[in-house]
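Following: one structure in C-alpha coordinates, then a few remarks.
The values are calculated or read from the model by the stated rules, or taken from the named source; none is laboratory data. For clarity, every value in this text was computed on a predicted model and none was experimentally measured. As a convention, Cβ positions derive from the backbone with ideal geometry for all residues, glycine included, and neighbour counts pool all protein chains shown.
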Amino acid sequence: METTTENILDATLLAPQVKHSTIFARIAELREGESLILHNDHDPSPLRYQLAHTHQDTIRWQYLEEGPQWWKVKLTKQATRNPEAGQNILDVTKLPPAVKHSTIFERIAALQSGESLTIHNDHDPAPLRYHLEAEYGPAYSWEYLEQGPDWWKVKITKRVAEKNATGENILDVTKLAPREKHSTIFTRYHALKEGESLTIHNDHDPKPLYYQMQGEMGDVFTWEYLEQGPAWWRIKITKRPTGDGAETLASIVTKDMGKAEVFKKYGLDFCCNGHLTVREACAAKGLDVTKVEQELRTSNNATTTTALPYNDWGIDFLADFIVNTHHAYLRKTLPDLQKYAAKVEQVHSQNHPELHDVRRLVDEVAAEFNAHLPEEERNMFTYIKQIVAAKNNRQALPDSPEGRFEDNLESLRKEHASVGGKLDEINEITKGYTLPSDACASYTLLYRMLHEVEDDTHVHIHLENNILFPKAAELEKQFK
(Lines give C-alpha, C1' and ligand atoms only; values in the text may rest on other atoms or scores of the structure.)
Protein backbone atom coordinates (compact mmCIF):
# COMPACT_ATOMS: atom_id res chain seq x y z
CA MET A 1 0.00 0.00 0.00
CA GLU A 2 1.16 3.55 -0.65
CA THR A 3 2.43 5.69 2.19
CA THR A 4 -0.11 8.33 3.19
CA THR A 5 -1.13 10.52 6.07
CA GLU A 6 -4.83 9.73 5.50
CA ASN A 7 -6.88 7.93 8.16
CA ILE A 8 -6.95 4.42 6.66
CA LEU A 9 -8.23 1.09 7.96
CA ASP A 10 -7.34 -2.03 5.97
CA ALA A 11 -10.13 -4.45 6.96
CA THR A 12 -8.33 -7.39 5.34
CA LEU A 13 -5.71 -7.24 8.10
CA LEU A 14 -8.29 -7.65 10.87
CA ALA A 15 -9.33 -10.97 12.37
CA PRO A 16 -12.97 -11.76 11.43
CA GLN A 17 -14.17 -11.61 15.02
CA VAL A 18 -12.97 -8.02 15.49
CA LYS A 19 -13.70 -6.46 12.08
CA HIS A 20 -17.11 -5.12 13.04
CA SER A 21 -16.08 -3.72 16.43
CA THR A 22 -12.87 -2.19 15.07
CA ILE A 23 -14.62 -0.46 12.16
CA PHE A 24 -17.31 1.01 14.41
CA ALA A 25 -14.75 2.05 17.02
CA ARG A 26 -12.79 3.94 14.35
CA ILE A 27 -15.98 5.57 13.05
CA ALA A 28 -16.88 6.63 16.59
CA GLU A 29 -13.54 8.46 16.86
CA LEU A 30 -14.31 10.71 13.88
CA ARG A 31 -15.08 14.38 14.44
CA GLU A 32 -17.34 16.37 12.14
CA GLY A 33 -15.63 16.76 8.75
CA GLU A 34 -13.12 13.97 9.40
CA SER A 35 -12.94 10.86 7.22
CA LEU A 36 -11.96 7.22 7.48
CA ILE A 37 -10.92 5.38 4.31
CA LEU A 38 -11.86 1.71 4.48
CA HIS A 39 -9.93 -0.81 2.35
CA ASN A 40 -11.49 -4.23 1.71
CA ASP A 41 -11.24 -7.17 -0.70
CA HIS A 42 -15.01 -7.19 -1.37
CA ASP A 43 -17.80 -4.65 -1.52
CA PRO A 44 -18.63 -3.63 2.11
CA SER A 45 -22.16 -2.56 1.14
CA PRO A 46 -23.74 -4.38 4.17
CA LEU A 47 -21.86 -1.90 6.34
CA ARG A 48 -23.50 0.94 4.41
CA TYR A 49 -26.97 -0.32 5.25
CA GLN A 50 -26.06 -0.84 8.87
CA LEU A 51 -24.66 2.71 9.12
CA ALA A 52 -27.92 4.00 7.71
CA HIS A 53 -29.68 2.48 10.73
CA THR A 54 -27.11 3.24 13.44
CA HIS A 55 -25.65 6.59 12.33
CA GLN A 56 -28.65 8.15 10.63
CA ASP A 57 -27.53 10.84 8.16
CA THR A 58 -24.23 11.41 9.98
CA ILE A 59 -21.87 9.30 7.85
CA ARG A 60 -21.43 10.09 4.16
CA TRP A 61 -20.45 7.09 1.99
CA GLN A 62 -18.20 7.60 -1.07
CA TYR A 63 -16.65 4.84 -3.18
CA LEU A 64 -13.06 5.69 -4.17
CA GLU A 65 -12.45 2.32 -5.81
CA GLU A 66 -14.92 -0.44 -6.69
CA GLY A 67 -13.22 -3.75 -7.42
CA PRO A 68 -12.77 -6.13 -8.94
CA GLN A 69 -9.99 -6.97 -6.43
CA TRP A 70 -10.01 -3.97 -4.11
CA TRP A 71 -12.66 -1.66 -2.67
CA LYS A 72 -11.95 1.70 -1.06
CA VAL A 73 -14.71 3.63 0.68
CA LYS A 74 -14.41 7.09 2.21
CA LEU A 75 -16.60 7.50 5.30
CA THR A 76 -17.01 11.14 6.35
CA LYS A 77 -18.75 12.34 9.50
CA GLN A 78 -21.07 15.22 8.72
CA ALA A 79 -23.34 17.51 10.67
CA THR A 80 -27.10 16.90 10.72
CA ARG A 81 -30.17 18.38 12.37
CA ASN A 82 -31.48 14.99 13.47
CA PRO A 83 -31.69 15.16 17.31
CA GLU A 84 -30.29 11.65 17.50
CA ALA A 85 -27.52 12.35 15.01
CA GLY A 86 -24.15 11.08 16.03
CA GLN A 87 -25.63 8.71 18.58
CA ASN A 88 -24.75 5.05 18.49
CA ILE A 89 -28.17 3.57 17.59
CA LEU A 90 -29.29 0.07 16.72
CA ASP A 91 -32.79 -0.45 15.33
CA VAL A 92 -33.38 -4.07 16.28
CA THR A 93 -36.59 -4.32 14.24
CA LYS A 94 -34.58 -4.07 11.02
CA LEU A 95 -32.35 -7.05 11.86
CA PRO A 96 -33.16 -10.62 10.72
CA PRO A 97 -34.17 -12.77 13.74
CA ALA A 98 -31.17 -15.07 13.24
CA VAL A 99 -28.66 -12.28 13.89
CA LYS A 100 -30.46 -10.07 16.41
CA HIS A 101 -28.85 -11.52 19.52
CA SER A 102 -25.31 -11.71 18.13
CA THR A 103 -25.48 -8.20 16.63
CA ILE A 104 -26.73 -6.62 19.85
CA PHE A 105 -24.00 -8.25 21.94
CA GLU A 106 -21.32 -7.47 19.39
CA ARG A 107 -22.30 -3.80 19.46
CA ILE A 108 -22.40 -3.77 23.26
CA ALA A 109 -18.96 -5.41 23.48
CA ALA A 110 -17.56 -2.73 21.16
CA LEU A 111 -18.44 0.05 23.63
CA GLN A 112 -15.58 1.80 25.34
CA SER A 113 -15.81 3.00 28.92
CA GLY A 114 -18.41 5.77 29.13
CA GLU A 115 -19.87 5.12 25.65
CA SER A 116 -23.52 4.24 25.01
CA LEU A 117 -25.64 2.23 22.61
CA THR A 118 -29.29 3.16 22.14
CA ILE A 119 -31.53 0.27 21.15
CA HIS A 120 -34.82 0.81 19.29
CA ASN A 121 -37.36 -1.99 19.48
CA ASP A 122 -41.08 -2.64 19.04
CA HIS A 123 -41.41 -4.35 22.41
CA ASP A 124 -39.76 -4.13 25.82
CA PRO A 125 -36.23 -5.69 25.60
CA ALA A 126 -36.22 -6.50 29.32
CA PRO A 127 -34.86 -10.07 28.73
CA LEU A 128 -31.72 -8.44 27.32
CA ARG A 129 -31.29 -6.52 30.58
CA TYR A 130 -31.41 -9.73 32.62
CA HIS A 131 -28.95 -11.37 30.27
CA LEU A 132 -26.52 -8.44 30.57
CA GLU A 133 -26.70 -8.40 34.36
CA ALA A 134 -26.24 -12.17 34.58
CA GLU A 135 -23.18 -12.17 32.31
CA TYR A 136 -21.51 -8.83 33.11
CA GLY A 137 -22.87 -7.82 36.49
CA PRO A 138 -22.84 -4.03 36.99
CA ALA A 139 -20.58 -3.36 33.96
CA TYR A 140 -23.44 -1.67 32.02
CA SER A 141 -26.16 0.77 33.03
CA TRP A 142 -29.68 0.55 31.59
CA GLU A 143 -31.89 3.61 30.96
CA TYR A 144 -35.32 3.68 29.32
CA LEU A 145 -35.67 6.70 27.01
CA GLU A 146 -39.10 5.63 25.70
CA GLN A 147 -41.39 2.89 27.00
CA GLY A 148 -44.11 1.96 24.54
CA PRO A 149 -46.77 1.29 23.85
CA ASP A 150 -45.52 1.03 20.26
CA TRP A 151 -41.86 1.87 20.59
CA TRP A 152 -39.11 1.30 23.14
CA LYS A 153 -35.74 3.08 23.33
CA VAL A 154 -33.11 1.90 25.79
CA LYS A 155 -29.74 3.54 26.40
CA ILE A 156 -27.07 1.02 27.46
CA THR A 157 -23.88 2.62 28.78
CA LYS A 158 -20.61 0.93 29.58
CA ARG A 159 -19.58 2.13 33.00
CA VAL A 160 -16.15 3.70 33.33
CA ALA A 161 -13.70 0.92 34.19
CA GLU A 162 -13.04 0.80 37.89
CA LYS A 163 -9.52 0.75 39.20
CA ASN A 164 -8.26 -1.25 42.13
CA ALA A 165 -6.89 0.22 45.34
CA THR A 166 -3.50 0.89 43.75
CA GLY A 167 -5.04 2.75 40.80
CA GLU A 168 -4.48 -0.02 38.26
CA ASN A 169 -6.85 -0.37 35.30
CA ILE A 170 -7.48 -4.14 35.34
CA LEU A 171 -9.31 -6.53 33.04
CA ASP A 172 -9.80 -10.11 34.21
CA VAL A 173 -10.13 -11.92 30.88
CA THR A 174 -11.16 -15.18 32.53
CA LYS A 175 -14.50 -13.59 33.48
CA LEU A 176 -15.41 -12.76 29.88
CA ALA A 177 -17.42 -14.96 27.56
CA PRO A 178 -15.14 -16.44 24.87
CA ARG A 179 -16.80 -14.50 22.06
CA GLU A 180 -16.27 -11.21 23.94
CA LYS A 181 -12.64 -11.61 25.01
CA HIS A 182 -10.84 -10.26 21.98
CA SER A 183 -13.15 -7.33 21.25
CA THR A 184 -13.30 -6.33 24.92
CA ILE A 185 -9.51 -6.25 25.24
CA PHE A 186 -9.19 -4.15 22.09
CA THR A 187 -11.91 -1.69 23.08
CA ARG A 188 -10.45 -1.32 26.58
CA TYR A 189 -7.06 -0.62 25.00
CA HIS A 190 -8.51 1.96 22.58
CA ALA A 191 -10.18 3.69 25.54
CA LEU A 192 -6.77 4.40 27.09
CA LYS A 193 -5.30 7.86 26.89
CA GLU A 194 -1.67 8.24 25.84
CA GLY A 195 0.63 6.98 28.58
CA GLU A 196 -2.16 5.08 30.37
CA SER A 197 -2.03 1.32 30.98
CA LEU A 198 -4.35 -1.66 31.06
CA THR A 199 -3.35 -4.70 33.12
CA ILE A 200 -4.72 -7.99 31.78
CA HIS A 201 -5.24 -11.00 34.05
CA ASN A 202 -5.46 -14.40 32.33
CA ASP A 203 -5.08 -18.11 33.11
CA HIS A 204 -2.64 -18.69 30.22
CA ASP A 205 0.00 -16.71 28.36
CA PRO A 206 -1.83 -14.29 25.98
CA LYS A 207 1.20 -13.86 23.74
CA PRO A 208 -0.89 -14.39 20.56
CA LEU A 209 -2.66 -11.17 21.54
CA TYR A 210 0.70 -9.37 21.49
CA TYR A 211 1.41 -10.43 17.91
CA GLN A 212 -2.12 -9.56 16.80
CA MET A 213 -1.89 -6.09 18.35
CA GLN A 214 1.49 -5.58 16.67
CA GLY A 215 0.11 -6.73 13.34
CA GLU A 216 -3.02 -4.58 13.46
CA MET A 217 -1.70 -1.46 15.22
CA GLY A 218 2.11 -1.52 15.01
CA ASP A 219 4.48 -0.32 17.71
CA VAL A 220 2.02 1.96 19.49
CA PHE A 221 2.10 0.13 22.84
CA THR A 222 4.46 -1.52 25.31
CA TRP A 223 3.91 -5.01 26.71
CA GLU A 224 5.26 -5.91 30.16
CA TYR A 225 4.87 -9.21 31.99
CA LEU A 226 4.15 -8.63 35.68
CA GLU A 227 3.52 -12.32 36.38
CA GLN A 228 4.17 -15.35 34.18
CA GLY A 229 2.38 -18.45 35.40
CA PRO A 230 2.19 -21.22 36.08
CA ALA A 231 -1.42 -20.55 37.12
CA TRP A 232 -1.81 -16.83 36.45
CA TRP A 233 -0.50 -14.30 33.95
CA ARG A 234 -0.58 -10.52 34.42
CA ILE A 235 0.43 -8.23 31.54
CA LYS A 236 0.64 -4.44 31.61
CA ILE A 237 -0.20 -2.88 28.22
CA THR A 238 0.65 0.83 27.92
CA LYS A 239 -0.35 3.15 25.09
CA ARG A 240 2.67 5.07 23.85
CA PRO A 241 2.41 8.88 23.68
CA THR A 242 2.06 10.30 20.17
CA GLY A 243 5.48 10.73 18.62
CA ASP A 244 6.96 8.12 20.94
CA GLY A 245 7.15 5.40 18.32
CA ALA A 246 9.20 2.26 18.54
CA GLU A 247 12.80 3.16 19.30
CA THR A 248 15.68 1.82 17.29
CA LEU A 249 18.47 -0.27 18.80
CA ALA A 250 20.83 2.66 18.30
CA SER A 251 18.59 5.20 20.06
CA ILE A 252 18.04 2.83 22.99
CA VAL A 253 21.78 2.30 23.52
CA THR A 254 22.55 5.98 22.98
CA LYS A 255 20.23 6.88 25.86
CA ASP A 256 21.33 3.99 28.08
CA MET A 257 24.56 2.16 27.28
CA GLY A 258 23.65 -0.45 29.88
CA LYS A 259 20.99 -1.77 27.47
CA ALA A 260 23.82 -2.85 25.16
CA GLU A 261 24.39 -5.87 27.43
CA VAL A 262 20.90 -7.16 26.64
CA PHE A 263 21.50 -6.77 22.91
CA LYS A 264 24.88 -8.50 23.19
CA LYS A 265 23.28 -11.41 25.03
CA TYR A 266 20.90 -12.02 22.12
CA GLY A 267 23.33 -11.20 19.35
CA LEU A 268 21.48 -8.04 18.27
CA ASP A 269 23.79 -5.66 16.43
CA PHE A 270 23.09 -2.15 17.74
CA CYS A 271 25.86 -0.50 15.71
CA CYS A 272 25.65 -1.42 12.02
CA ASN A 273 22.00 -2.51 12.35
CA GLY A 274 21.15 0.19 14.85
CA HIS A 275 18.43 1.57 12.55
CA LEU A 276 16.22 -1.48 13.25
CA THR A 277 13.55 -1.48 15.94
CA VAL A 278 13.67 -4.18 18.62
CA ARG A 279 10.76 -5.96 16.94
CA GLU A 280 12.44 -5.87 13.52
CA ALA A 281 15.79 -7.06 14.88
CA CYS A 282 14.17 -9.91 16.84
CA ALA A 283 12.12 -10.97 13.82
CA ALA A 284 15.28 -11.13 11.69
CA LYS A 285 16.88 -13.52 14.20
CA GLY A 286 13.76 -15.48 15.14
CA LEU A 287 13.85 -14.23 18.74
CA ASP A 288 10.95 -13.81 21.15
CA VAL A 289 10.53 -10.03 21.15
CA THR A 290 8.46 -10.02 24.34
CA LYS A 291 11.31 -11.68 26.23
CA VAL A 292 13.91 -9.22 24.92
CA GLU A 293 11.70 -6.22 25.69
CA GLN A 294 11.08 -7.58 29.18
CA GLU A 295 14.82 -7.82 29.83
CA LEU A 296 15.33 -4.29 28.53
CA ARG A 297 12.82 -3.04 31.09
CA THR A 298 14.33 -5.18 33.83
CA SER A 299 17.78 -3.78 33.07
CA ASN A 300 16.52 -0.41 34.31
CA ASN A 301 16.63 -1.80 37.83
CA ALA A 302 19.72 -3.96 37.45
CA THR A 303 22.82 -3.06 39.41
CA THR A 304 25.50 -2.45 36.84
CA THR A 305 28.57 -0.34 36.42
CA THR A 306 27.60 3.21 35.56
CA ALA A 307 27.88 3.67 31.81
CA LEU A 308 29.96 6.52 30.47
CA PRO A 309 27.85 9.52 29.35
CA TYR A 310 29.01 9.41 25.73
CA ASN A 311 26.00 11.32 24.45
CA ASP A 312 26.75 14.25 26.79
CA TRP A 313 30.33 14.74 25.68
CA GLY A 314 31.53 17.31 23.17
CA ILE A 315 32.25 15.64 19.84
CA ASP A 316 35.90 16.75 19.86
CA PHE A 317 36.36 15.01 23.22
CA LEU A 318 34.45 11.96 21.98
CA ALA A 319 36.68 11.74 18.91
CA ASP A 320 39.79 11.73 21.11
CA PHE A 321 38.21 9.11 23.37
CA ILE A 322 37.53 6.81 20.43
CA VAL A 323 41.11 7.13 19.22
CA ASN A 324 42.69 6.65 22.64
CA THR A 325 40.40 3.80 23.68
CA HIS A 326 39.03 1.84 20.72
CA HIS A 327 41.60 2.58 18.03
CA ALA A 328 44.42 1.97 20.51
CA TYR A 329 42.83 -1.33 21.56
CA LEU A 330 42.61 -2.54 17.97
CA ARG A 331 46.19 -1.57 17.17
CA LYS A 332 47.37 -3.53 20.18
CA THR A 333 45.09 -6.56 19.72
CA LEU A 334 44.86 -7.21 15.97
CA PRO A 335 48.46 -8.48 15.47
CA ASP A 336 48.04 -11.03 18.29
CA LEU A 337 44.61 -12.00 16.98
CA GLN A 338 46.04 -12.72 13.53
CA LYS A 339 48.88 -14.71 15.05
CA TYR A 340 46.60 -16.96 17.09
CA ALA A 341 44.11 -17.39 14.23
CA ALA A 342 46.96 -18.69 12.02
CA LYS A 343 48.37 -20.90 14.76
CA VAL A 344 45.05 -22.52 15.70
CA GLU A 345 44.22 -23.04 12.03
CA GLN A 346 47.50 -24.85 11.47
CA VAL A 347 47.05 -27.19 14.44
CA HIS A 348 43.27 -27.84 14.48
CA SER A 349 41.88 -27.22 10.99
CA GLN A 350 41.96 -30.92 10.05
CA ASN A 351 39.24 -31.63 12.63
CA HIS A 352 37.70 -28.16 12.43
CA PRO A 353 37.79 -26.93 8.83
CA GLU A 354 35.80 -23.80 9.75
CA LEU A 355 39.06 -22.43 11.15
CA HIS A 356 40.20 -21.71 7.59
CA ASP A 357 37.34 -19.23 7.26
CA VAL A 358 38.00 -17.82 10.72
CA ARG A 359 41.65 -17.09 9.86
CA ARG A 360 40.69 -15.57 6.49
CA LEU A 361 38.05 -13.32 8.03
CA VAL A 362 40.42 -12.23 10.83
CA ASP A 363 42.98 -11.17 8.23
CA GLU A 364 40.31 -9.27 6.28
CA VAL A 365 39.08 -7.50 9.42
CA ALA A 366 42.63 -6.55 10.36
CA ALA A 367 43.35 -5.24 6.85
CA GLU A 368 40.21 -3.10 6.84
CA PHE A 369 40.89 -1.64 10.27
CA ASN A 370 44.57 -1.00 9.50
CA ALA A 371 43.57 0.99 6.43
CA HIS A 372 40.53 2.66 7.98
CA LEU A 373 41.85 3.87 11.35
CA PRO A 374 44.70 6.15 10.20
CA GLU A 375 42.61 7.58 7.36
CA GLU A 376 39.76 8.31 9.78
CA GLU A 377 42.07 9.97 12.32
CA ARG A 378 43.91 12.00 9.70
CA ASN A 379 40.83 13.31 7.91
CA MET A 380 37.45 12.98 9.64
CA PHE A 381 38.53 13.28 13.26
CA THR A 382 40.85 16.20 12.54
CA TYR A 383 38.01 17.93 10.70
CA ILE A 384 35.67 17.36 13.67
CA LYS A 385 38.08 19.19 15.96
CA GLN A 386 38.41 21.99 13.43
CA ILE A 387 34.66 22.60 13.10
CA VAL A 388 34.25 22.58 16.91
CA ALA A 389 37.04 25.15 17.23
CA ALA A 390 35.56 27.23 14.40
CA LYS A 391 32.16 27.20 16.09
CA ASN A 392 33.61 28.18 19.46
CA ASN A 393 35.64 30.99 17.91
CA ARG A 394 32.86 32.15 15.55
CA GLN A 395 34.93 31.44 12.48
CA ALA A 396 33.93 30.19 9.03
CA LEU A 397 33.42 26.50 8.35
CA PRO A 398 36.83 24.99 7.54
CA ASP A 399 37.46 22.98 4.39
CA SER A 400 37.09 19.23 4.69
CA PRO A 401 39.40 16.84 2.81
CA GLU A 402 36.52 14.36 2.49
CA GLY A 403 33.61 16.73 1.93
CA ARG A 404 30.78 17.55 4.33
CA PHE A 405 29.64 14.95 6.83
CA GLU A 406 26.03 15.06 5.68
CA ASP A 407 27.22 13.91 2.25
CA ASN A 408 29.39 11.13 3.63
CA LEU A 409 27.30 9.55 6.39
CA GLU A 410 26.06 6.71 4.19
CA SER A 411 29.53 5.78 2.89
CA LEU A 412 31.00 5.95 6.40
CA ARG A 413 28.33 3.59 7.68
CA LYS A 414 28.90 1.21 4.76
CA GLU A 415 32.59 0.95 5.68
CA HIS A 416 31.62 0.04 9.21
CA ALA A 417 28.97 -2.39 7.98
CA SER A 418 31.64 -4.27 6.01
CA VAL A 419 33.85 -4.98 9.00
CA GLY A 420 30.83 -5.54 11.25
CA GLY A 421 29.48 -8.10 8.81
CA LYS A 422 32.75 -10.04 8.88
CA LEU A 423 32.71 -10.15 12.68
CA ASP A 424 29.09 -11.38 12.57
CA GLU A 425 30.18 -14.09 10.16
CA ILE A 426 32.94 -15.21 12.55
CA ASN A 427 30.39 -15.34 15.36
CA GLU A 428 28.12 -17.53 13.23
CA ILE A 429 30.92 -19.85 12.04
CA THR A 430 32.12 -20.41 15.61
CA LYS A 431 28.54 -20.88 16.90
CA GLY A 432 28.90 -17.92 19.24
CA TYR A 433 32.53 -18.81 20.13
CA THR A 434 31.60 -22.25 21.41
CA LEU A 435 34.78 -24.22 22.07
CA PRO A 436 35.08 -27.84 20.86
CA SER A 437 36.03 -30.56 23.32
CA ASP A 438 39.62 -30.75 21.99
CA ALA A 439 40.30 -27.02 22.31
CA CYS A 440 43.78 -26.20 23.59
CA ALA A 441 44.88 -23.07 25.47
CA SER A 442 45.59 -21.19 22.21
CA TYR A 443 42.18 -22.18 20.81
CA THR A 444 40.55 -20.90 23.99
CA LEU A 445 42.50 -17.66 23.89
CA LEU A 446 41.62 -17.08 20.22
CA TYR A 447 37.89 -17.39 20.84
CA ARG A 448 38.08 -15.15 23.89
CA MET A 449 39.93 -12.50 21.91
CA LEU A 450 37.45 -12.75 19.04
CA HIS A 451 34.58 -12.25 21.44
CA GLU A 452 36.27 -9.24 23.04
CA VAL A 453 37.04 -7.66 19.65
CA GLU A 454 33.44 -8.10 18.57
CA ASP A 455 32.10 -6.51 21.78
CA ASP A 456 34.54 -3.61 21.56
CA THR A 457 33.78 -3.03 17.88
CA HIS A 458 30.04 -2.88 18.51
CA VAL A 459 30.56 -0.05 21.00
CA HIS A 460 33.22 1.58 18.80
CA ILE A 461 31.01 1.65 15.69
CA HIS A 462 27.95 2.67 17.71
CA LEU A 463 29.78 5.72 19.04
CA GLU A 464 30.78 6.78 15.54
CA ASN A 465 27.65 5.84 13.55
CA ASN A 466 25.01 6.92 16.01
CA ILE A 467 26.58 9.75 18.03
CA LEU A 468 29.80 11.24 16.62
CA PHE A 469 29.07 11.46 12.90
CA PRO A 470 25.39 12.57 13.15
CA LYS A 471 26.34 15.28 15.67
CA ALA A 472 29.18 16.44 13.41
CA ALA A 473 26.75 16.69 10.50
CA GLU A 474 24.34 18.73 12.65
CA LEU A 475 27.14 21.05 13.71
CA GLU A 476 28.08 21.66 10.09
CA LYS A 477 24.54 22.82 9.36
CA GLN A 478 24.86 25.58 11.94
CA PHE A 479 27.47 27.39 9.81
CA LYS A 480 26.04 29.92 7.41
Examine the range 330-349 for a residue that is more than 30 Å from PHE381 (Cα to Cα), touching an Asp or Glu at 6+ places or on another chain (Cβ under 9 Å) and outside the structural domain of GLY432 (by TED's automatic domain parsing), and state whether such a residue exists.
no
Please tell me if ALA371 is in contact with a Cys (Cβ under 8 Å, 6 or more places away or on another chain), closer than 20 Å to ILE322 by Cα and among the hydrophobic types (A, V, I, L, M, F, W, C).
no
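Taking GLU143, is it within 44 Å of the chain's Cα centre (by Cα) and closer than 20 Å to LYS181 by Cα?
Considered against the rule, which asks whether it is within 44 Å of the chain's Cα centre (by Cα) and closer than 20 Å to LYS181 by Cα, GLU143 comes out as no.
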Could you tell me whether the range 405-412 includes any residue that is assigned by TED's automatic domain parsing to the domain that holds VAL323, of a type in the set (Phe, Trp, Tyr) and closer than 27 Å to HIS348 by Cα?
no
Quick check on the range 335-342. Is at least one of its residues part of a helix (DSSP H, G or I) and modelled with pLDDT under 85?
no
Being free of Cβ contacts under 8 Å to residues at least 12 places away in the same chain and surrounded by 16 or more Cβ atoms within 10 Å (Cβ to Cβ) is the filter here, so list the residues in the range 323-354 that pass it.
none
Restricted to the range 29-80 and to residues being of a type in the set (D, E, K, R) and touching a helix residue (DSSP H, G or I) at 6+ places or on another chain (Cβ under 9 Å), the residue farthest from ASP10 (Cα to Cα) is LYS77
Tally up the residues in the range 242-268 that are modelled with pLDDT under 80, out of contact with any helix residue (DSSP H, G or I) (no Cβ under 8 Å at 6 or more places or on another chain) and buried (at least 19 other Cβ atoms within 10 Å of the Cβ), please.
0
Of the residues LEU36, LEU9, only one is assigned to a strand (DSSP E or B), of a type in the set (A, V, I, L, M), within 28 Å of the chain's Cα centre (by Cα) and within 21 Å of GLN87 (Cα to Cα); which?
LEU36
Please list, ordered by first then second residue, the pairs with beta carbon atoms under 7 Å, 6 or more apart or interchain, first in the range 37-52 and under 16 Å from PHE24 (Cβ atoms), second in a loop (DSSP other than H, G, I, E, B) and among the charged types (D, E, K, R).
ILE37/GLU6
Condition first: part of a loop (DSSP other than H, G, I, E, B), modelled with pLDDT of 80 or more and of a type in the set (A, V, I, L, M, F, W, C). Now tell me which residues in the range 137-190 satisfy that.
TRP151
Can you pull out the residues in the range 333-342 that are under 40 Å from the mean Cα position of the chain (by Cα) and of a type outside the set (Val, Ile, Thr)?
LEU334, LEU337
Exactly one of LEU209, LEU198 is closer than 25 Å to VAL292 by Cβ, outside any loop (DSSP other than H, G, I, E, B) and modelled with pLDDT of 85 or more, and that residue is LEU198
If we scan the range 37-47, do we find a residue that is of a type in the set (A, V, I, L, M) and surrounded by fewer than 18 Cβ atoms within 10 Å (Cβ to Cβ)?
no
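Tell me, please, whether a residue that is assigned to a loop (DSSP other than H, G, I, E, B) and modelled with pLDDT of 80 or more can be found in the range 97-113.
Scanning the range 97-113 turns up no residue that is assigned to a loop (DSSP other than H, G, I, E, B) and modelled with pLDDT of 80 or more.
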Every listed condition ((1) loosely packed, with under 15 Cβ neighbours inside 10 Å; (2) over 27 Å from ASP320 (Cβ atoms); (3) touching a Lys or Arg at 6+ places or on another chain (Cβ under 9 Å)) holds for TYR433 save (1)
If a residue has to be within 13 Å of the chain's Cα centre (by Cα), among the hydrophobic types (A, V, I, L, M, F, W, C) and over 18 Å from GLY421 (Cα atoms) to count, how many in the range 272-288 make the cut?
2
Extreme residue, surrounded by the fewest Cβ atoms within 10 Å (Cβ to Cβ), among residues of the range 387-420 that are closer than 20 Å to PHE321 by Cβ and more than 39 Å from the chain's Cα centre (by Cα)
ASN392
